[in-house]
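Chemist: Quick one: the structure is below, questions incoming.
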Amino acid sequence: MENWSVEQVCNWLKQRNLGELVPKFREEEVSGAALLALNDRMVQQLVKKIGHQAVLMDLIKKYQQQKSGLESLTYCCETASQKFPEVISGKNPKSFLARFKTLQWTSSYTLPDFPYDVTCILAERKCPDHSMRIRIIEFLQADMTKYLQGSLYPNSQQYNIVVNALLQAYPFLDEDGNGFVNRFKYVRRPIEDDEQVLRNKCKFGHRRGQTRKSTCAENKLDDVQGQVEEEPAHLKGSTMDLHIKWLNQEYKKTQRNWEEVDNRMNVTIEIRRKMISDKAPLKDILRLFPFLRCPYQLFREFQLLTHMDIYKKTVEILEIYSENILSLYVVRNNPINIMLQENLKQHTEEDVLKYMKMTAACLLLPEVFGDDSSLFAAVDEEVKAVTPVLEVKNPFNVNSCEFALYIEREELAQLNDCTMALAALVAAFHVFDIPCPKRIHRTLNFLESLVFEVRNPASLP
């Protein structure tokens, strides 16, 4: 970059969606060397918009950090070749360098250049909404994949380093208690769903020690490979067929074009609704539209059908009603409430206490209305219901709690927390047009009356 001409700098700005700055940079004759020498005051004189200022300074900073990191890596590799000649001269020096790069990354991670709209939100210190959070996490997941030589599965330490780097740079992201810790499991596909893993299993047979889960994973690959032949006749060769194929291909990627996904899900909604109204098997619907496994798209589908933001409404419901639910006599001696009280004694952080109380209130809802709790959530036990139900593990352990949505005893989606889990449960009944069982009807009626802002909503008993 130090040797770039003014025109090369202008081309670089265009590639970074900063084309508006080109005339001013040409007028001031900003070459590559001048670009790297810019300070905050100079940038403010050159660039009027705060968002553009933030993006430009961030890009320059990242370039300087990357250059410094490459120089350090080169030096370290040269040092390593002197210290470990038997390793470098061995049969596989590439694997050694890959491990060395991984070690370098885990000791100091540099945040990537976020997309322009994300950068503007961060520059204005605005707390992002749910969909924007997911975009940030998707972007970081893809960046980690590049750092780790294409591996889709970093370890816990590496996830923590990324989250710490993010919150150190933008501490306001975690101010509302709904931060990014433990959220990567939401966007990361299970390892058995990875395309290369599935191909290797098919290639080598995978007979000895084969588990039920891996068998399901192999079947998923067969479904994807055979989807053209198995699609309904009226889709073959049509525009809808092209959209569906694109969605299936995009779902397999680590970094997804969510804007285009939204567009194509909009275009194909009539096909989905017809399949669902005709009672097509759920596995066929998910095979054609795998993005319905993503909570973000499940919530969006619900919003397309009802014009309601189910996630936002659920957060409001739990925040308003959690204290009232926990104070009711009917739940006082419930095992979940007892477990909550024991765990509350071990924590003092306000955000953690609030999270634990909302989780307990969510899980205790069926008890409040005298409904069958097994049709609502399976807490630390196997899911048995075929209708939408939540699987919850370690509900009050902030670091190891897990939420998942099951339909027909198969996992549909992993979820971040109790609010997302409750929103997904309510959304699933509507999106997949599943009749509500009578033994859980009062609980769901209470939630839906609040979500849909019924004039006289159902109240707590």
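Chemist: How high is the FRET efficiency from residue 316 to residue 380, r the C-beta distance, R0 25 Å, rounded to 0.05?
Modeler: 0.35
Chemist: Testing the spin-label approximation: label points 7 Å from Cα along Cα→Cβ at residue 34 and residue 460. State their distance in nm.
Modeler: 6.6 nm
Chemist: Could you calculate, for region 362-416, the ratio of the Cα radius of gyration to the Kirkwood radius, expressed as Rg to Rh?
Modeler: My calculation of the ratio gives 0.96.
Chemist: When the C-alpha atoms of region 245-361 are aligned to their principal axes, what extent does each axis show, in angstrom, from largest down?
Modeler: Extents along the principal axes, in whole Å: 52, 33, 25.
Chemist: While we're on this one: Short version: what are the Cα gyration tensor semi-axes of region 303-461, square root of 5 times each eigenvalue, largest first, in whole Å?
Modeler: Semi-axes (√(5λ), whole Å): 23, 18, 16.
Chemist: Right, another one. In what sequence, highest mean first, do 435-448, 265-278 appear when ranked by Cβ atoms within 10 angstrom?
Modeler: Per-residue mean Cβ counts within 10 Å order the peptides as 435-448, 265-278.
Chemist: Return the sequence-ordered ³J(HN,Hα) values of region 40-45 in whole Hz as given by the Karplus equation 6.51 cos²θ - 1.76 cosθ + 1.60 applied to θ = phi - 60°, using x for Gly and Pro.
Modeler: Values, residue by residue: 4, 5, 5, 4, 5, 6 Hz.
Chemist: While we're looking at this one, here's another question. Assuming a strict under-22 Å limit between Cα atoms, what lysine pair count do you get for region 310-452 once near-sequence pairs (fewer than 8 apart, same chain) are dropped?
Modeler: The result is 11.
Chemist: If the chain between residue 113 and residue 445 were fully stretched, how many nm would it gain, using 0.36 nm times the residue separation less the Cα-Cα distance?
Modeler: Length gained, residue 113 through residue 445: 115.0 nm.
Chemist: Roughly what percent of Cα-Cα pairs across region 240-293 reach past 13 Å?
Modeler: 56 percent
Chemist: Which whole-Hz ³J(HN,Hα) couplings does region 405-416 yield from phi under the Karplus relation 6.51 cos²θ - 1.76 cosθ + 1.60, θ = phi - 60°, glycine and proline marked x?
Modeler: 9, 10, 9, 6, 6, 10, 5, 8, 7, 8, 10, 7
Values quoted throughout were computed directly from the atomic coordinates according to the rules given, and no laboratory measurement underlies them. Quantities reported herein were computed from a predicted structural model and do not represent experimental measurements. Every residue, glycine as well, gets a Cβ built from its backbone with ideal geometry; the counts of neighbours run over all protein chains shown.
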